[in-house]
Amino acid sequence: MTQYQYNHCGNHTISGMHTIATLRHQVGVATLLLGALLSAVPALTKAHHLLGEYKLNCDSTFPCPPELQRRIDLWIEVFSKYRKGQVILHDSKRPERIYAVMDAGLNCSRRREPSKIRKKRRKIAANLRQVATKLEKKHPLSNYESHLAKMFKGQKPSELRSAARRIRCQDGNRDRFAEALQRYGNYKNIVVAGLRDAKLPADIQYLPFVESGYNPMAYSRVGAAGMWQIMPRTARKLGLQLGSTIDERLDPQMATTAAVQYFKRSHKILGKAARKKNITADTSLYPFVITSYNYGITGMRRAILKMGPDFVKVIQKYQARTFRVAVKNFYASFLAARHVARNASQYFPGIRLNSPIHFQEILIGKSTSVKRLTKLLDINKKQLRRLNPSLTRNVWAGRRYIPKGFMLRLPFRNQGYGKQLKLLAQLPSEKPRMAESDYRVQRGDTACRVASAHRVKCRNLIAINGLGRRATIYVGQILKIPESKQKPKVATIAKIKPKAVKVASASSLEPKMVVEPPIKLEAKDIQVPLAHAPGELSPADLAKAFGIGEDLYIEVLPKAGSKLYRIRIEPEETLGHYADWLGIGSARPLREMNGISASRNLRIGAKLKLPVKSEKQLKRFERRRISFHRSLETQFQEHYRITGKEEYQVKRGDNGWVISKRTEVPLWLLRRFNPELLFRPPQIGETVYLPVMEPRKQG
C-alpha cells in the first residue's frame, strides 16, 4: 500500500479562513476544513509548493538514495497527478520547491515557451529576487513573500537569486501514463521474457514508460524511434535493420532484443570503469546503467572515472556540457514510473491493461506485396500492419514489397493458414511497380527535363518525389527516378542556359521564392520552373529538399595509375553501415585502410577512404546510402513539419552535435540550415539558424 503525506512549509493564509471568529477556540473546525482541502489535492491552487512524500519499495539493485527522494516524488506526481495541459513551475535543483501549477491547456517548450508560462516564470523570478533583497535589507515581507522565504529556510539570500535562474517547466503526464499502462499489457510479456533470458533485472521493464510511454510507434524530434527510442546510429551497432523497407526499431520484440544487448554492454563497460575506482561490493551499477540509456555509455564511463562509482555524487557534482537536468532526472523518473506502474490500481482506479498480442509467424520465401497477402490470406490490412510495425510506409503504400526472409506475423487462427500458404508458395515473386534510381539536380534542370532524360513520365517523377503542383526543384536536391524500360538519354539535361541566380548563404534563408518563367513541354502540358538555388528556399521547402547539404556520393580521384574512392562522413553513419553498403561483411578493412582504432569514433564531416573494387559495388553503395538517409528524412517528415526558423546564439563548448542535442533538432536538419557547420566549429556568439518544428497529428 502506498503511503503519502504533505510536507508543510510554514503557516499560510487560506482564503475564507478569516471568517471564523475565534480560531483559537475552534481548532476542530479548522482541522476539518484543512483536512478537506488536503484531500482535494488535484484541485488545490493556492499552495502549489506542497509536494507529496511517497514511500518507495526499493532494493539493492535499484536503490532509492534519500538525496533523490524529492526528485522521485516530483516525477510520481507528474505521472499520476497532473494531466496534459497542466504545467509545473519548480526549482530544477530542489524539485520540492514547486512555485506554481498552471492549468491553462499549455505545454512546456524549451525553445518556444508560451507567453503565459514565460510571464509567470519571470514574475516568480522577480519575486525571488525581491525577497532576497528584502532579506538583506531586513525589510518586512508580505504573506506571499514569507511563503517563498520559508522554502529557503536556512539559506542565504544569494540562493534565492540562484533559484530565480533555474525555474523549470514540467508538463503533466497523467493521461499519457494511463495510455502507457494500457499498452504495457500488450508488450509486457515480450519485454520481461527478453530481460529474463539475458539474466537482467526484470524491473528494467518499466523504462519504456519513461522513454516512449510503451508506444512502439513513438518518434522523437531527434529521430529516436520505437518503444525503446533507439537512434539510427545506435540501431546499426545493436544489429537492427533500418532502410526504405524495414525499420526494426519499431518492432517491440526486435527492439527489446537490441535494448537488452545495450544494457549488457553498458553494465560490462561501466563495471570495468567502476573497478578502476575501487567499487564496493554493495554498490549497484544499475543506476549508472539506466542513466547511460539517456546519456550514453561513454559519457557515463567518463563520469565514473572522474567522480568514482558514487551515483549521488555524480548527479550532484559532475559537470559536463550535456550532463544537464534531463540526465540528472532520468534515474529518478525511472524509479517513479516503476512505483506508479506497480501501484497502478491505486493511482488509476479501474484501469484495465490491454491483453497480450497473440499471433503466429511465417517466413516469407519470396518478395510479396501487401495487396497479394491480404487478399490471399483474407486478412485486414490494418490488423496486419499493427502486427508488423517494422515494415515501413513504403511497403504499405505498395512502393516496396515485403522482402524475402522477413518473418511476418499473422493474426492467430486455430485452423492456421496452411492452404493459403501453399498457394502463396506456388506464385512467382513480385517486382515493385516502380524501382527507383537517383539523380542530383543540376543548374538549368526542370522536373520534366529530368524525367525526359531518364525516359519516364514527368507526372510519375513529380508524384514519386512529392514536388507539388508547380514541380519546383532545387540545385543539389536528389530526386527519385522511377524505373524505365528504356535506356536514359545521354547529355540531354541542362542544355538551355538558365538565367543567372545568385546563390544565397545559409544565413539569408527567407521564406521567399524566385519564380523563373515556366517552360511549356511539348505534348505534356505541364508547366515547370527551372531549378532554383538552395538559398531561395523557404524553411519548409529546405527541410523537404532531400540531398541539399548532404554529400552522399562517392568521390573518385586518380591515384598512381588507379583510383582513390572516398566519402565525407554524414550524421548517423557508422563503419558498420559502410561495410553493409559495400557488401564486405566486416568493418575491419575500413579501419585498416583509414588507420582507425576500435575505440575511436568517427568525426562527422571527415573524409573516409573506401575499398571499392568495381563500378557495380560503387553504385550499390551510393544507392543504399541514399536510401538510408532518405528513410530517416521521410520518417521525420511524417511526424513533424517545419513552420519557420529562429536564431540561436552559440555558447561556450557548443559544436554541431551539442547544439543538436541541446535544441532537439536532428543533426542532418541543423546542417541543412547551417551547411558551414560541416567545415568548421561554430564561434561563440555566432548566430545559428534552427528550424521551428511542430508535431503532426498522427492518425
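Can you give me the ranges of the helices (runs of 4 or more DSSP H) entirely in the range 293-348 with at least 1 residues that are at pLDDT 95 or above, among the hydroxyl-bearing types (Ser, Thr, Tyr) and under 23 Å from the mean Cα position of the chain (by Cα)?
Values: elements: 297-307, 311-317, 325-342, 344-347.
It comes to 325-342.
For the range 236-279, enumerate the residues that are of a type in the set (Gly, Ala, Ser), in contact with a helix residue (DSSP H, G or I) (Cβ under 6 Å, 6 or more places away or on another chain) and not in a loop (DSSP other than H, G, I, E, B).
To start, the set of residues in the range 236-279 that are of a type in the set (Gly, Ala, Ser) comprises 239, 243-244, 255, 258-259, 266, 271, 273-274.
Filter once more, so that each one left must be in contact with a helix residue (DSSP H, G or I) (Cβ under 6 Å, 6 or more places away or on another chain): 243-244, 255, 266, 273-274.
Scanning the range 236-279 gives Ala255, Ser266, Ala273, Ala274.
Select from the range 186-217 the residues that are part of a loop (DSSP other than H, G, I, E, B) and either farther than 30 Å from Ala587 by Cβ or among the polar types (S, T, N, Q) (or both) and list them in ascending order. Outline the logic, then answer.
Within the range 186-217, the first condition is being part of a loop (DSSP other than H, G, I, E, B), and the residues that meet it are 198-201, 212-217.
Matches in the range 186-217: Pro201, Ser212, Gly213, Tyr214, Asn215, Met217.
Here are some residues: Ser599, Ser614, Ser627, Ser631. Which one is surrounded by fewer than 13 Cβ atoms within 10 Å (Cβ to Cβ), hydroxyl-bearing (Ser, Thr, Tyr) and modelled with pLDDT of 90 or more?
Values: Ser599 fails: modelled with pLDDT of 90 or more; Ser627 fails: surrounded by fewer than 13 Cβ atoms within 10 Å (Cβ to Cβ); Ser631 fails: surrounded by fewer than 13 Cβ atoms within 10 Å (Cβ to Cβ).
Only one candidate qualifies: Ser614.
Looking at (1) at positive phi; (2) part of a strand (DSSP E or B); (3) among the charged types (D, E, K, R), can you tell me which one Arg455 breaks?
Condition (2) is where Arg455 drops out.
Quick one: is Ala178 closer than 30 Å to Arg122 by Cα, aliphatic (A, V, I, L, M) and touching a residue at least 12 places away in the same chain (Cβ under 8 Å)? I'd like the intermediate steps shown before the answer.
Values: closer than 30 Å to Arg122 by Cα: no; aliphatic (A, V, I, L, M): yes; touching a residue at least 12 places away in the same chain (Cβ under 8 Å): yes.
No; evaluated as a whole, the condition is false for this residue.
Do we find that Arg129 is more than 26 Å from Ser333 (Cβ to Cβ), touching a residue at least 12 places away in the same chain (Cβ under 8 Å) and assigned to a helix (DSSP H, G or I) in this structure? Explain how you work it out, then say what you get.
Details: more than 26 Å from Ser333 (Cβ to Cβ): yes; touching a residue at least 12 places away in the same chain (Cβ under 8 Å): yes; assigned to a helix (DSSP H, G or I): yes.
Yes, satisfied.
Given the condition touching an Asp or Glu at 6+ places or on another chain (Cβ under 7 Å) and not assigned by TED's automatic domain parsing to the domain that holds Cys108, answer yes or no: does some residue in the range 247-254 qualify? Step through it out loud before you land on a result.
Narrowing the range 247-254 to residues touching an Asp or Glu at 6+ places or on another chain (Cβ under 7 Å): 254.
Now narrow it down to the ones that are not assigned by TED's automatic domain parsing to the domain that holds Cys108: 254.
The answer is yes, given that some residue of the range 247-254 is touching an Asp or Glu at 6+ places or on another chain (Cβ under 7 Å) and not assigned by TED's automatic domain parsing to the domain that holds Cys108.
Being closer than 18 Å to Pro356 by Cβ, among the polar types (S, T, N, Q), crowded, with 17+ Cβ neighbours inside 10 Å and in contact (Cβ under 8 Å) with a residue 24 or more places away in the chain is true for just one of Asn215, Asn189. Which residue is that? Talk me through it step by step, then tell me what you get.
On the way: Asn189 fails: crowded, with 17+ Cβ neighbours inside 10 Å.
Just one listed residue meets the conditions, Asn215.
The values are calculated or read from the model by the stated rules, or taken from the named source; none is laboratory data. No experiment lies behind these values; they were computed from the predicted model shown. So basically every Cβ, Gly included, is an ideal-geometry build from the backbone, and we count neighbours across all protein chains shown.
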